[in-house]
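Working notes, beginning with the structure itself.
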Amino acid sequence: MYAGIATCVVVLSKFHAVAHEYSWSGSSRFAWSFGYVLLLSLTAYGFGLPEQPRSRRSAGWSAACWGAVGATLTAAVAVSLVQLVAGDALLPRFVVFGTAIVVVPWFMLCAAMAGDGRTRADARDRVVVIAEPDEVEDLVRELQRAPERNGTVVGSLTVTTAASTSLPPCRPLLAMARDQCASVIVLSRGAQADVDIVEQASILHEDGVRVRTMSLFYEQWLGKLPIAELERVSLLFDIGEVHAARYARVKRLLDVALALCGCVALVLVTPVVFVGDRIANRGPLLFRQPRTGRNGIEFEMLKFRTMHAADIGAECSGLSSSEWTAEGDERVTRFGRVLRRSHLDELPQVVNVLRGELSVVGPRPEQPRVVAELEGKIPFYRIRHLVRPGLTGWAQVKYPYAASEAETLQKLQYEVFYLRRQSLAFDVRIVARTVRTVFGQEGR
């Protein structure tokens with residue numbers, strides 16, 4: 001997809017230069033052309049291309065079509081605005097709008113190839129699970145929702161059934177795996193403790209079938225940890241921000257650099273928000289709320305206010321577990337909804353990053369009252385407070401808004417996974433996913 005964008009911009013730019021008799025590579029348009037390539041690539045990724053359509057049904061193609069049109073129009077309008085402000089034709093309109101027209105069908109073609117590739121991946125990773133029925137149901141649901149790697153559960157056995165030798169077939173796991181042409185075998189904690197099941201799995205491993213524990217399968221295919229494994233492994237790994245001094249220092253430097261860039265955006269956006277508040281959201285500009293940060297230390301987190309002024313006092317005092325903020329909350333004003341959908345309400349938190357209270361990437365901070373309640377109910381919930389909380393995080397890009405304790409437990413599985421895998425490369429990956437989330441208006 002990205003190669004097609006670059007090829008289109010380069011060919012049209014060169015054609016325009018030849019037609020108008022000037023040197024493309026020797027002019028400033030050369031650099032701006034590749035800037036346009038970068039912008040188109042960013043908007044395409046942000047709109048979810050090329051992975052949007054999960055099937056050839058009309059809904060999938062509609063999403064891909066709107067994504068392709070939205071990405072190209074956003075990039076074209078952005079370049080046009082820059083040229084308007086600069087007062088100079090940095091790129092010919094022939095290149096800007098010609099590329100926008102050509103790459104839409106190219107995006108659709110790439111979406112088709114991505115969809116076919118996903119279908120083949122689903123068929124390639126055929127999974128047989130040895131676990132209890134509730135664990136199998138959870139795994140099937142997770143694979144259908146938002147996997148990091150595609151796969152299909154083609155069969156399952158309980159531990160008792162898989163180990164049974166009294167009834168034919170005498171080796172049920174072997175029989176099912178071969179009958180279903182399984183490529184991956186997943187063993188629950190109970191299955192790993194059964195000698196006969198492990199022996200059957202080893203035979204399949206010799207045949208080229210991959211064997212995974214439930215925990216490892218969750219990590220590699222889903223990017224999280226299963227609930228059943230949290231108590232066992234939560235404290236048995238190094239955390240980059242705590243145990244790797246070099247990573248912690250570099251991450252802090254990058255936080256400050258990005259926060260300074262964010263401050264520029266904050267200065268530009270604040271007057272717009274101020275005017276919007278005067279018209280449709282009267283009250284204080286900022287919303288200040290206590291949150292729990294690193295090592296359990298409380299700090300005051302800043303946001304642009306999105307709720308009615310009369311509701312701020314109750315919100316700032318801390319919500320109980322029965323008063324979680326929900327989607328469509330009636331306390332949010334119309335202008336506040338615009339701020340939330342665009343995520344602009346989060347922009348003042350760059351000040352928290354500069355203060356060292358937040359990081360760009362990390363678990364999202366919770367209110368002290370909620371933290372106190374969850375620590376008493378969710379095992380090892382406090383482990384998330386060993387690092388700085390973040391503006392965005394792995395849980396935010398992988399799971400929708402948590403409005404209950406059960407959903408918070410789901411997000412904790414992603415947060416512990418992040419703590420185990422902390423690295424600069426993973427942080428960059430999360431920031432990139434956040435860009436896509438903001439464009440697609442998914443997550444919180």
* Extreme residue, farthest from Ala68 (Cα to Cα), among residues of region 1-24 that are of a type in the set (A, V, I, L, M) and surrounded by 14 or more Cβ atoms within 10 Å (Cβ to Cβ) -> Ala17
* To do: Residues being of a type in the set (Val, Ile, Thr) and under 23 Å from the mean Cα position of the chain (by Cα): count how many of those fall in region 356-400.
  => 6
* To do: Take Arg120 and decide whether it is closer than 23 Å to His205 by Cα, modelled with pLDDT of 90 or more and surrounded by fewer than 17 Cβ atoms within 10 Å (Cβ to Cβ).
  => no
* Within region 433-444, restricting attention to residues that are over 14 Å from Leu391 (Cα atoms) and part of a helix (DSSP H, G or I), which residue is modelled with the lowest pLDDT? -> Gly440
* Number of positions in region 123-150 that are part of a helix (DSSP H, G or I) and within 25 Å of the chain's Cα centre (by Cα) -> 13
* Structure fact -> Checking Leu157, Leu143 in turn, the sole residue that is touching a Pro at 6+ places or on another chain (Cβ under 8 Å) and over 30 Å from Ala6 (Cα atoms) turns out to be Leu157
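Yes or no, residue by residue, for (1) modelled with pLDDT of 90 or more; (2) among the hydroxyl-bearing types (Ser, Thr, Tyr):
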| site | (1), (2) |
| --- | --- |
| Ser13 | yes, yes |
| Val18 | yes, no |
| Gly87 | no, no |
| Thr99 | yes, yes |
* To do: Within region 45-62, work out how many residues are at pLDDT 60 or above and under 20 Å from the mean Cα position of the chain (by Cα).
  => 8
* To do: Give me a count of the residues in region 249-290 that are farther than 13 Å from Thr333 by Cβ, outside any helix (DSSP H, G or I) and in contact with a Leu (Cβ under 9 Å, 6 or more places away or on another chain).
  => 3
* Residue identified as at pLDDT 90 or above, assigned to a helix (DSSP H, G or I) and hydrophobic (A, V, I, L, M, F, W, C) among Leu38, Leu42 -> Leu38
* Structure fact -> If we ask which residues in region 62-97 are part of a loop (DSSP other than H, G, I, E, B) and of a type in the set (Gly, Ala, Ser), their number turns out to be 2
* Asked: Could you count how many residues in region 218-244 are at pLDDT below 85, buried (at least 18 other Cβ atoms within 10 Å of the Cβ) and more than 18 Å from Asp134 (Cβ to Cβ)?
  -> 1
* State whether the residues of region 248-269 include one that is modelled with pLDDT under 90 and either in contact with a helix residue (DSSP H, G or I) (Cβ under 8 Å, 6 or more places away or on another chain) or assigned by TED's automatic domain parsing to the domain that holds Lys411 (or both). => no
* Applying the selection to region 375-397, what residues are surrounded by fewer than 24 Cβ atoms within 10 Å (Cβ to Cβ) and more than 18 Å from Glu346 (Cβ to Cβ)? -> Glu375, Gly376, Lys377, Ile378, Pro379, Phe380, Tyr381, Arg382, Ile383, His385, Leu386
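The values are calculated or read from the model by the stated rules, or taken from the named source; none is laboratory data. Just so we're clear, the structure is a prediction, and the values are computed from it rather than from any experiment. Positions of Cβ are backbone-derived with ideal geometry, glycine not excepted, and every protein chain shown enters the neighbour counts.
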